[in-house]
Structures are given as C-alpha cells and as structure tokens.
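Read through the structure below, which is laid out as structure tokens, and then see the notes.
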Amino acid sequence: MQRAVPRRRAEFATGRWCARQALAQLHLAPGPIVVGPWRNPVWPDQLTGSISHTTDVCAAVVAHRTTWKAIGIDLLDRESAVRLPVDAGRLLAHPHDADPPPSTLPVWVPPLVLQFSAKEAAIKALSPMLQRVIDFPELRVQFDESTFTAALDAGDTRVVGWWTIVMDQLILTGAALL
C-alpha cells in the first residue's frame, strides 16, 4: 500500500476500519487485518469475512465460521457499472451462465454488470477457502429474482448469494458457503 495513490490508501484504510467495526459487533477485540496471498483480508481462524468498496462507499462483513464457512461481498456503484465494457462478457462468461431476471433490474444495470458483481462476491468467498484465485469463467451463475447460486466447474463447490439495488445507485451482492 505504500506505493498506492492516496485515494487507494484511503479506501484500504476505510475498509479495514469497517472490518474492525464488524469485529466489534461480534464482541471481538480489533486487531490488524493483514493482506493475504490473494489480496484478501486474513481473518482470525474462527472467522470469515469480506470487504468491498466503491469510490464513496465501503462495507465489511464478518461472521463465525460456525455460521458460514466463507462469505464474500461486492459493491458496484452506478458510475462504475455503466463503464463496464460491453465486451467484458467474454472475460466473465461461463457457457451455462443464466442472465439475471430482467424484471427486477433498473435500466442502468445490464445483466452483465450484475453477473460481474455476483461472481466477484463468489470469488471473494471461494478463493481464500480454496487457497487459489478463482477466475470469472470458472464460475457458472444461476439467478432468481433476488438470489443466485454460483458453482465451480471443478467439483461440487457452490455458494448461495443474494443481490439488491441500494437507493438506485449501488449494486450490493453477497455470497456464502454454508
């Protein structure tokens, strides 16, 4: 982080602050949250968690591993969503991906954008647990009205997830391995 631009350092610090607040909600003493080998936050052994941020919003979630084996969250603001390149689909796509239900998506959220955010949340949950970086095309996603499942091609590993649009400005996705 020492070579990062000031904005990125501020986002990182805010994410860690949110994580310490989440730890406090579980009545755990705050401590350093180091960066792991997959650029993930490293949580105490009995915990799982995730951090996400946009330029203006940051969030963290932490839970006991007895509740969820792994969790991941993703935030994507409206400005970033409209900038996602239309050809990103070839980098994200799995042949069996299903488009999200269009009836519940605002106009500014193309299906590709929601697919990106859902896969990002799933990757944040799975990569540290599997001790490797998961690539977008490895995951196939199936959507329902406000939920999704994401599964790896190699094996039976599957996360359940949910998504919502916050104040018509932000996509929030979460994924959990039960």
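The table for this structure:
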item: All positions within the stretch 69-88 that are in contact (Cβ under 8 Å) with a residue 24 or more places away in the chain and of a type outside the set (D, E, K, R); result: Ala70, Ile71, Gly72, Ile73, Leu75, Leu76, Ser80, Ala81, Val82, Leu84, Val86, Ala88
item: Flag for Ala19 being more than 23 Å from Ala150 (Cα to Cα) and without any contact (Cβ under 8 Å) to a residue 12 or more places away in the chain; result: no
item: Residue tally, condition closer than 17 Å to Ala121 by Cβ and either out of contact with any helix residue (DSSP H, G or I) (no Cβ under 7 Å at 6 or more places or on another chain) or among the polar types (S, T, N, Q) (or both), over the stretch 86-105; result: 1
item: Selection count where residues are surrounded by 17 or more Cβ atoms within 10 Å (Cβ to Cβ) and over 17 Å from Lys119 (Cα atoms), scope the stretch 66-86; result: 2
item: Any hit, the stretch 42-59, residues being of a type in the set (Phe, Trp, Tyr) and outside the structural domain of Ala13 (by TED's automatic domain parsing); result: no
item: Residues within the stretch 139-159 that are out of contact with any strand residue (DSSP E or B) (no Cβ under 6 Å at 6 or more places or on another chain) and not in a loop (DSSP other than H, G, I, E, B), tallied; result: 2
item: One residue from Arg158, Arg132 being more than 26 Å from Val107 (Cβ to Cβ), surrounded by fewer than 19 Cβ atoms within 10 Å (Cβ to Cβ) and touching a residue at least 40 places away in the same chain (Cβ under 8 Å); result: Arg132
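The rows are residues; the columns are (1) over 26 Å from Arg158 (Cα atoms); (2) part of a helix (DSSP H, G or I).
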residue	(1), (2)
Arg8	yes, yes
Ala13	yes, yes
Arg20	yes, yes
His27	yes, no
Thr48	no, no
Asp74	no, no
Gly89	no, yes
Pro95	no, no
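The values are calculated or read from the model by the stated rules, or taken from the named source; none is laboratory data. Note that this is a predicted model, so its numbers are computed, not measured. Please note: Cβ atoms are built from the backbone with ideal geometry, for glycine as well, and neighbour counts cover all protein chains shown.
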